[in-house]
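Notes follow once the structure below has been shown.
The values are calculated or read from the model by the stated rules, or taken from the named source; none is laboratory data. Since the structure is predicted, the reported quantities are computational estimates derived from the model, not experimental observations. Cβ placement follows ideal geometry from the backbone for every residue including glycine, while neighbour counts extend to all protein chains displayed. These accessible areas exclude ligands, DNA and RNA; they are computed on the full protein's heavy atoms, side chains included. Shrake-Rupley method; radii C 1.70, N 1.55, O 1.52, S 1.80 Å.
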Amino acid sequence: MRPTVRPAVRPGVRRHVRRGRTTKLTIAALLVGATGGVMAWHGNEATGATSTVAPWEAPTIADTNYAIPSGALFVANSGNDANQGTQAAPLATIAKAISKSHSGTTIVLRGGTYRESLGSVSIAVTLQAYPHEQPWIKGSLVATGFTASGSAWAKQWTSSICDSCYPTGVLDPLYPNAGLPEQVFVNGVPLAQVTSRGAVTHGSFFLDRRANQLWIGSNPNGATVEVTVYDKAIQFNSNASGAAIKGIGIAQYAAHYNSDVPAMVVAGAPNLVIDRSTFVWSASRGVSLYGANDRLTNNTFIDNGMNGVHSYQTSNLFFQHNRVAYNNFERWSILPSVQGSVAAAKMTLAAGGMYADNIFEDNQSNGLWFDTSSSNNTVVNNTFVRNAGHGLDIEVSANTIAAGNVIVANGRDGLKISGSNNVEAWNNTIFGNGWAQLGVYEDPRTNPPAAIRALGVTWDTSNVHIMNNIIVAGPYSSRPVLNSFDLTSPRHATTQSMITSQDHNIWGRTTATGLKYLATVQATLTTNARYNDLPGMQAATHRELASKSVDNMPLSSVFVDLNAGNVRLTTSCPQPSPAQLPSKVAAAMGVGTSPGTIGALKAPIG
């Protein structure tokens, strides 16, 4: 289970933990400490009396009822590859169906499990579920014929999976085997990978490559043992424009960190559609995107070893109504580094994307992370909750709308803006995060290449607007509610130069005596300033003049009903009148320019 303190882990042990699905502690209990054990994130650590959320859940696929076009090919576990692929005479494998397809063909999968690696596809083929059935494509084979030996069981097993396809700098020293992509499941439960025969106990496995033996510590008799053998499910090449995956589960592939096999599904095609599908138990990433105009809607990305979703140099991605949870299961390092790319969803050089109505929850990493010259992205009406890193991270990027989001109980900063210009942060509800609720920083990286500047990306934090937000530290927040400074040397930016406008916000700390400063800012190029409370910040900066303080108010007096996910303000809470929304922000949020209230208007707590 996700521990309340980081456990001591023996070197050479990759930690998986068995569990069934458990009930989450409510946000109210998490932050207020009403009863029982309370967990609060501090960086990548959780502290408290009991675990509240375990790190994986049993995967499911959404129910679907897609229309079946004329001429579709059918695949079923009961089929035969010598058949024609009709509904009455289905094929047995997806690979055979693809070989019989042309651009525009729909392949309908009947419910069941297909253990295949489909290779590279260069036609616009659609893989979709038969109505109300759940097909799984898996990268594992069922292993039988184990022989008992002492307290473990063994069988001959040869693996060609790459065990060294990652740079060492991306590993957390406490989880040194995160990069090993072998996986074993017994009745759907993942086993922990250890690196010696002597370390095998119940719930673990060891692959002895020299002797070509697989050892497991859980009794295989009468159980289904699945062992990962394929590294990726499918790769859509650039000629596969318009391909689709609809209503499919994809699981148990040995993708790795390096770019040759970065994910179970590698999408280099433009206009790709992925809808109502589940991506689970990749050894690294669920899906990697490299195209333009892709649409990912209503999907689930859970329990993946590293990222749920990853993109590089994409444009106009539409990402809506997705759930991204329990990723970075293998605990890759989330410390800042040149090679750092671990997040529930990591977007690099991403341009023109729309990210709306998604839930990013319980990931052992940042929630959504824009990095390295991403631009013109819109992030609205999402929920970021209980992620171990930052909730929403906008780093060395530009022209970003972050509006209407609920960002709560994440381990580091709630909303982090660093080295980024032209950021519109409106009507967000940010509270109870482990570090700062709002971090606005000047990044040490400066002077981007001319091609990056041509995109409007400066790598300098400027023209940030902080308006109509609810920004409140919880009892376990460890840094000022607003934390802002310049990391360049010599310094060249103040908080006032980074933030162009800030007003009509609620600021507060549930325990102002416990968290001494409301804000720490870069006052001049050589000095920092600390403000004890909102009146102090107003007097020093001549900003936030229409804002209100809720210092020392319990969250139950600020929000209507945290247990039900209702984060609207109570009638007793001091409420500043909201500022008019810029038309582009209102349009992105799907509301009028007169919001009526401050804070998130749509997104619930996850």
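Summary table
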quantity: Selection count where residues are open to solvent by 10 Å² or more (accessible area, probe 1.4 Å) and not in a loop (DSSP other than H, G, I, E, B), scope the range 458-478; calculated: 4
quantity: Residue count, the range 445-490 (criterion: free of Cβ contacts under 8 Å to residues at least 24 places away in the same chain and not hydrophobic (A, V, I, L, M, F, W, C)); calculated: 3
quantity: Total residues in the range 354-372, condition crowded, with 24+ Cβ neighbours inside 10 Å, assigned to a loop (DSSP other than H, G, I, E, B) and either on the phi > 0 side of the Ramachandran plot or small (Gly, Ala, Ser) (or both); calculated: 2
quantity: Residue check for residue 388: free of Cβ contacts under 8 Å to residues at least 24 places away in the same chain and more than 26 Å from residue 524 (Cα to Cα); calculated: no
quantity: Enumerated strands (runs of 3 or more DSSP E) restricted to the range 230-331, each holding at least 3 residues that are without any contact (Cβ under 8 Å) to a residue 12 or more places away in the chain, among the aliphatic types (A, V, I, L, M) and over 27 Å from residue 381 (Cα atoms); calculated: none
quantity: The listed residue being more than 30 Å from residue 596 (Cβ to Cβ) and out of contact with any Pro (no Cβ under 9 Å at 6 or more places or on another chain), out of 484, 418, 501, 489; calculated: 418
quantity: Failed item, numbered, when residue 346 is tested on (1) open to solvent by less than 10 Å² (accessible area, probe 1.4 Å); (2) at pLDDT 95 or above; (3) assigned to a loop (DSSP other than H, G, I, E, B); calculated: (3)
quantity: Residue within the range 129-136 that is among the charged types (D, E, K, R), open to solvent by 20 Å² or more (accessible area, probe 1.4 Å) and farther than 14 Å from residue 246 by Cα present; calculated: no
quantity: Where a residue in the range 161-182 is within 13 Å of residue 283 (Cα to Cα) and its partner, wherever it lies, is among the acidic types (Asp, Glu) and part of a loop (DSSP other than H, G, I, E, B), with Cβ under 6 Å and at least six apart; calculated: 161/182; 178/330; 180/163
quantity: Enumerated strands (runs of 3 or more DSSP E) restricted to the range 479-527, each holding at least 1 residues that are polar (S, T, N, Q) and touching a Ser or Thr at 6+ places or on another chain (Cβ under 6 Å); calculated: 482-486, 519-522
quantity: Filter result for the condition that a residue is open to solvent by less than 30 Å² (accessible area, probe 1.4 Å) and either more than 16 Å from residue 119 (Cα to Cα) or not basic (Lys, Arg) (or both), over 235, 213, 252; calculated: 252
quantity: Top-ranked residue of the range 71-104 - restricted to ones that are closer than 22 Å to residue 61 by Cα and β-branched (Val, Ile, Thr), ranked as surrounded by the fewest Cβ atoms within 10 Å (Cβ to Cβ); calculated: 93
quantity: Which listed residue is under 18 Å from residue 253 (Cβ atoms) and open to solvent by less than 10 Å² (accessible area, probe 1.4 Å), from 180, 191, 207; calculated: 191
quantity: Qualifying positions in the range 153-177 - farther than 30 Å from residue 219 by Cα and surrounded by fewer than 19 Cβ atoms within 10 Å (Cβ to Cβ); calculated: 167, 168, 169, 171, 173
quantity: Subset of the range 420-431 [within 22 Å of residue 578 (Cβ to Cβ) and buried (at least 24 other Cβ atoms within 10 Å of the Cβ)]; calculated: 423, 425, 426, 427, 428, 429, 430, 431
quantity: Residue count for the range 408-457, restricted to those that are aliphatic (A, V, I, L, M) and outside any strand (DSSP E or B); calculated: 8
quantity: Within the range 218-246, tally of residues that are among the small types (Gly, Ala, Ser) and under 30 Å from residue 208 (Cα atoms); calculated: 4
quantity: Count of residues meeting criterion [more than 19 Å from residue 177 (Cα to Cα) and open to solvent by 20 Å² or more (accessible area, probe 1.4 Å)] in the range 309-336; calculated: 10
quantity: Test: residue in the range 195-216 that is assigned to a strand (DSSP E or B), acidic (Asp, Glu), more than 26 Å from residue 265 (Cβ to Cβ) and touching a Leu at 6+ places or on another chain (Cβ under 8 Å); calculated: yes
quantity: All positions within the range 516-561 that are under 19 Å from residue 499 (Cβ atoms), within 32 Å of the chain's Cα centre (by Cα) and without any contact (Cβ under 8 Å) to a residue 12 or more places away in the chain; calculated: none
quantity: Matching entry among 577, 572, 583 (being without any contact (Cβ under 8 Å) to a residue 60 or more places away in the chain and out of contact with any helix residue (DSSP H, G or I) (no Cβ under 7 Å at 6 or more places or on another chain)); calculated: 583
quantity: Residue match in the range 105-123 (condition: of a type outside the set (Gly, Ala, Ser), in a strand (DSSP E or B) and open to solvent by 30 Å² or more (accessible area, probe 1.4 Å)); calculated: yes
